[in-house]
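The values are calculated or read from the model by the stated rules, or taken from the named source; none is laboratory data. A quick note: this is a predicted structure, and the numbers were derived from the prediction, not measured. Positions of Cβ are backbone-derived with ideal geometry, glycine not excepted, and every protein chain shown enters the neighbour counts. The area values use the complete protein model at the heavy-atom level, side chains included, leaving out ligands, DNA and RNA. Shrake-Rupley method; radii C 1.70, N 1.55, O 1.52, S 1.80 Å.
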Amino acid sequence: MLSAADQTRLDALYTSLSDASQHFLGYPCANDLDYSSLFRFMQFPINNVGDPFQSSTYRLATREIEQEVVHFFADLFNAPVNDYWGYVTNGGTEGNLYGLYLARELHPKGIVYFSEETHYSVAKNIHFLGLRHIMIRTQGNGEIDYEDLKESMCLHRDVPAIVFANIGTTMKEAKDDIRKIQSIMDELVIRERYIHCDAALCGPFAQFLDPKPAFDFSEGADSIAISGHKFIGSPLPCGVVIARKRYVDRIGRSIGYIGTMDTTITGSRNAFTPLILWQAIKQWGKAGLQARLISCQEVAAYTVEQLNAHGIKAWRNPGALTVILPKVSETIKNQWQLATQDDHSHIITMSGVSKAHIDALIADMIKDAE
Ligand SMILES: *Cc1c(COP(=O)(O)O)cnc(C)c1O
């Protein structure tokens, strides 16, 4: 039993989170969740330790559910039917680390190319792995500058290329085109190559965009990572990574040599988050994900239109859910949790953000300007 004071503390936290959830426009996390039907699974010490596709004596697990989640996203990303593997991660960062880890095992001397608007976690991941890297300029829309990439690759034609592509950058939701990147490598005859797609933000809906960005396995990706707590909206941070199985088998073997068979980065793994992702994909299927995208895009379009109508220069990349606007005041930034970097802020219209929220934000901006 908690003391009355501790209970009061929790009640106050609950009230403050309820309020903050109604002023949550700047981070790409859906906010329309109800996974309460899964609460009963909280009474078991479930743990998916190890490889999701290998049986274990630890049977308090949700591995089969996790496998179904992996199959769903592998199919969504056009992974080769008999040559994929994956698992439910702690989030996009772990999936990105996994992709780079595979790339390093395959090309230990490779150079990682990534754009300057890449998520901050990549620098840390590359540092962990001790990989060489080159940062590439971006275009105004946040997409990698292919000319700069070509020049850099040209100087290192003798070194394997590891491309870390963004399928939705953090600030502008820009997508790098892995087809264009491959034609650069073709032209330079760089045959030893690896492409990882950081699809933390857009992975769950990128297939439904028109035009569809080039990012999946049929278009040349070797691994893809997504976040599960962003567009899908898991209340617990999580993600999925999918990779070509023959690459993972090489890592599995090398670890088997030192006596363990685990293929994942962490030991103990969350067995609850696969249930959340499973419930989401079972409820929605591909059609539901697409419908979710369309309603979010409607709110994004409304946001640009309303901001422009009020004289605020806002824009978004085609089809994107991220609306970029000139840097807002400290008051507005804190009030609405608007991520702000350099001279701009952004609003992300994930599920749970309604036109009414946008109207309220604009009213506050007008008041603040006065
Ligand atoms: C959120 C995000 C990440 C990191 O994902 P986490 O799930 O927070 O670990 C990486 N890259 C991009 C583009 C992101 O938007």
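Here are the numbers for the structure shown:
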item	result
Rounded to whole Hz, the Karplus (6.51, -1.76, 1.60) HN-Hα couplings of segment 270-279, x for glycine and proline	4, 9, 8, 4, x, 5, 5, 5, 4, 4
Solvent-accessible area per residue for segment 39-281 (1.4 angstrom probe, square angstrom)	42 Å²
Additional length obtainable on full extension of the chain from K180 to H156, 0.36 nm per residue less Cα span	6.8 nm
Rounded, prolate or oblate (a/c below 1.5 giving rounded, otherwise prolate when a/b exceeds b/c) for the chain by Cα gyration tensor	oblate
For segment 328-339, 3J(HN,Hα) per residue [Karplus equation, 6.51 cos²θ - 1.76 cosθ + 1.60, θ = phi - 60°, Hz, x = Gly/Pro]	8, 5, 4, 4, 5, 4, 6, 4, 10, 6, 8, 4
For segment 121-245, convex hull of alpha carbons as volume per residue, Å³	124 Å³
Three-way shape label, segment 204-314, alpha-carbon gyration tensor, a/c 1.5	prolate
S36 paired with S354, simple spin-label distance in nm, labels 7 Å along Cα-to-beta-carbon	1.8 nm
Accessible area, probe 1.4 Å, largest first, for residues T322, T93	T93, T322
Accessible surface ranking that places the most exposed of K212, K172 first, with a 1.4 angstrom probe	K212, K172
Of the trypsin sites (Lys or Arg not before Pro) in segment 285-342, those whose Cβ has at most 15 other Cβ within 10 Å and which sit in DSSP loop	K313, K327
Point-to-point label distance, N78-Y302, nm (Cα→Cβ direction, 7 Å offset)	3.3 nm
Amide H partners (placed H, <5 Å) of C238, local residues excluded	G228, H229
Percent accessible area from carbon and sulfur atoms, the chain, protein chains only, probe 1.4 Å	53 percent
Gaussian network model of the chain, springs between alpha carbon atoms under 10 Å - residue of L97, L17, L275 with greatest fluctuation	L17
Shape category assigned to segment 265-333 from the gyration tensor of Cα positions, a/c cut at 1.5	oblate
Under the Karplus curve 6.51 cos²θ - 1.76 cosθ + 1.60, θ = phi - 60°, whole-Hz ³J(HN,Hα) for segment 138-148, x wherever Gly or Pro sits	10, 7, x, 7, x, 7, 4, 8, 5, 5, 5
V81 accessible area, assembled protein chains, probe 1.4 Å, Å²	120 Å²
Above-threshold pairs, the threshold being 25 Å between Cα atoms, out of K175/K286; K333/K355; K124/K212; K172/K327; K124/K282; K313/K367	K124/K212; K124/K282
